[in-house]
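Peer 1: Structure below; questions to follow.
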Amino acid sequence: MSTIPRAAALTLRLAQVANATIVAGIVGYFLHVLGGDGDGWPIGRWIFVETLAGLSILFGCVLMIPNLFGWFVWPIDIMISLAWFAAFGNLINALDGTLCGNISDVIFFIGTGADCAKWQAGETFAFLSAITWLITGFWGLYYVWRADQQRLGYWTGRYDV
């Protein structure tokens, strides 16, 4: 692989780690601020997002190591991407019925002084994280497919008698 795809892959992995770190910080803040209201269902969904962010940071850092796994980790990339899409849905659904549910209401929600803009930033970076994981997954799938296509005529074209 040449230098440009390696630099692009490293940039995408750095973006994955950065997006997951931002989401972990924002959701962690809301877990701290809104955690003691007694309703366990939203907290469980936010813990899912927080756990996914931690796993994304871990896998993103491990997969940044050059030539460790190559492009054969595309199933992990796609599974993490699907999990991020589910986390994005959880974050969107958490605003349902609150003052922050409309796009124009960027003041406060749930009466705690928690800023809507922070929550919407968490949603945005969760979506961006899902997209970057999906891009690396499809990119890895392309490299595996391309390597398979190059080997396609290896055995049949080698021994022409």
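Peer 1: Out of 97, 70, 111, report the one residue that is open to solvent by 40 Å² or more (accessible area, probe 1.4 Å), at pLDDT below 65 and either under 26 Å from residue 11 (Cβ atoms) or part of a helix (DSSP H, G or I) (or both). Spell out how you get there, then give the answer.
Peer 2: Values: 97 fails: either under 26 Å from residue 11 (Cβ atoms) or part of a helix (DSSP H, G or I) (or both); 111 fails: either under 26 Å from residue 11 (Cβ atoms) or part of a helix (DSSP H, G or I) (or both).
Answer to the selection: 70.
Peer 1: Name the residue, out of 2, 56, that is modelled with pLDDT of 95 or more and under 30 Å from residue 146 (Cα atoms).
Peer 2: 56
Peer 1: Further, regarding this structure: Has the range 33-46 got at least one residue that is farther than 21 Å from residue 140 by Cβ, crowded, with 17+ Cβ neighbours inside 10 Å, at pLDDT below 95 and under 18 Å from the mean Cα position of the chain (by Cα)?
Peer 2: Yes.
Peer 1: Filter the range 120-147 down to residues that are touching a Phe, Trp or Tyr at 6+ places or on another chain (Cβ under 7 Å), open to solvent by less than 50 Å² (accessible area, probe 1.4 Å) and not hydroxyl-bearing (Ser, Thr, Tyr) and give me whichever is modelled with the lowest pLDDT.
Peer 2: In this case the residue turns out to be 144.
The values are calculated or read from the model by the stated rules, or taken from the named source; none is laboratory data. What you see is a predicted model; the values in this text were computed from it and never measured. Here the Cβ is made from the backbone with ideal geometry for all residues, glycine too, and neighbour counts use every protein chain on show. When the accessible area is computed, the model is the full protein with side chains, heavy atoms only, and any ligands, DNA or RNA have been set aside. Shrake-Rupley method; radii C 1.70, N 1.55, O 1.52, S 1.80 Å.
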